[in-house]
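Okay, structure first, notes after.
Each reported figure results from applying straightforward, stated rules to the coordinates on display, with no laboratory input. Treat the numbers as computed from the prediction; the structure is a model and nothing was measured. When we count neighbours, we look across all protein chains shown, and the Cβ atoms used for this are built from the backbone with ideal geometry, even at glycine.
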Amino acid sequence: MTFVESVAQAHSRDQRTIDAEQPTFSIVAPVYNEEVLLPEFYRRVVAAIEPLGEPFEIVLVNDGSRDRSLQIMLELHERDPRVKVINFSRNFGHQIAITAGTDYARGRAVAVIDSDLQDPPEVIVDMIARWREGYQLVYGVRSEREGETAFKLATASLFYRLIRKITSVDIPADTGDFRLMDRKVVDALKSMREHHRFMRGLSVWVGFKQTGVTYKRDARKAGVTKYPLRKMLKFAMDGITAFSYLPLQLATYVGFGVAALGLLGIIAVIILRLLGNELLGQATTLVAVLFMGGVQLVFLGILGEYLGRIYDEVKQRPLYIVADAIGFDE
């Protein structure tokens with residue numbers, strides 16, 4: 001064996017070691033009660049990413065599943081060491097699960113995708129192509145959304161357009177958490193540890209070169225949605241309060257408006273008195289008091305929402321607690 005061949009083999013071994021230590025791609029997927037879909041999700045991710053010929057890892061985050069999801073994840077890890085498992089001590093929520101996955105992901109590019117197969121794993125390949133062109137954040141834009149009710153479609157469309165109007169961050173319409181991020185974006189996100197997280201807003205807020213990939217979102221293949229109306233409302237509130245002061249400013253605007261109406265009412269009463277007209281009945285007074293009381297309670301509630309978020313930040317509790325981290329280097 002010549003010296004050049006020896007050096008080449010040593011370089012090849014070193015390169016394989018580097019590849020094993022840091023994969024090119026990390027696929028992060030939160031999991032909550034998805035035992036039926038997990039094997040198919042794994043198969044499709046591998047079938048999509050493996051032909052690229054570069055090292056990758058699949059980071060599955062068990063967010064307190066109550067079915068056999070964790071057992072299936074562990075079985076996948078035993079069969080394929082590229083599958084890494086983060087097991088939460090309890091359910092911390094979808095956005096926190098995404099945060100944990102990106103915290104542990106080691107790839108130069110990190111794709112976030114739900115494990116329910118509504119977002120096709122094959123689209124990640126298109127995102128990688130845009131990443132290779134120099135884009136550092138590639139988000140999925142839903143051209144169609146199968147299997148969703150007219151109510152959900154209408155409210156989602158309204159929310160995205162509302163949040164773009166009232167926040168300083170230009171969050172693209174019709175996008176979710178399905179996206180691919182360069183390591184620079186991931187590292188920037190890791191520095192932000194706020195508790196009420198709106199990841200699709202945070203990833204846009206950090207900046208960098210961004211673009212979208214259009215795709216058709218499929219209907220859920222099995223199980224039930226993990227975002228019922230109650231969670232959707234909380235999610236919307238987290239997004240609005242994280243990036244906008246408008247709800248607080250509305251209290252000032254409405255206060256001035258009500259004060260102006262009160263002043264006009266006083267002027268009207270004085271004029272009517274001077275003209276000899278008497279105002280009879282208490283209905284008007286009762287309605288006015290109830291209206292003012294309702295307005296005050298609404299804005300006290302808004303103040304409470306912001307104050308509660310400040311309280312959560314001041315406590316400085318960890319965002320999540322990991323019971324087990326399987327497949328990661330110590």
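A few points about this structure:
- Net lengthening on full extension, residue 256/residue 192 (0.36 nm per residue, minus Cα-Cα): 19.4 nm
- Packing, as the average of other Cβ atoms within 10 Å across residues, places the peptides 56-62, 22-28, 171-177, 323-329 in the order 56-62, 22-28, 171-177, 323-329, highest first.
- Between residue 125 and residue 297, residue separation times 0.36 nm minus the direct Cα-Cα distance comes to 56.9 nm.
- Protection proxy ranking, highest mean first, for peptides 301-307, 130-136: 130-136, 301-307, where packing is the per-residue count of other beta-carbon atoms within 10 Å, averaged.
- Near residue 195, no amide H atom lies under 5 Å from its own; only residues 5 or more places off or on other chains count, and H is placed 1.01 Å from N.
- Karplus 3J(HN,Hα) series, Hz, for the range 74-80 with 6.51 cos²θ - 1.76 cosθ + 1.60 (x for Gly, Pro): 5, 5, 5, 5, 5, 6, 9
- Global form of the range 32-112, assessed from the alpha-carbon gyration tensor, a/c cut-off 1.5: oblate
- Long pairs among 190/315; 165/209; 209/315; 84/190, criterion Cα-Cα beyond 30 Å: 209/315
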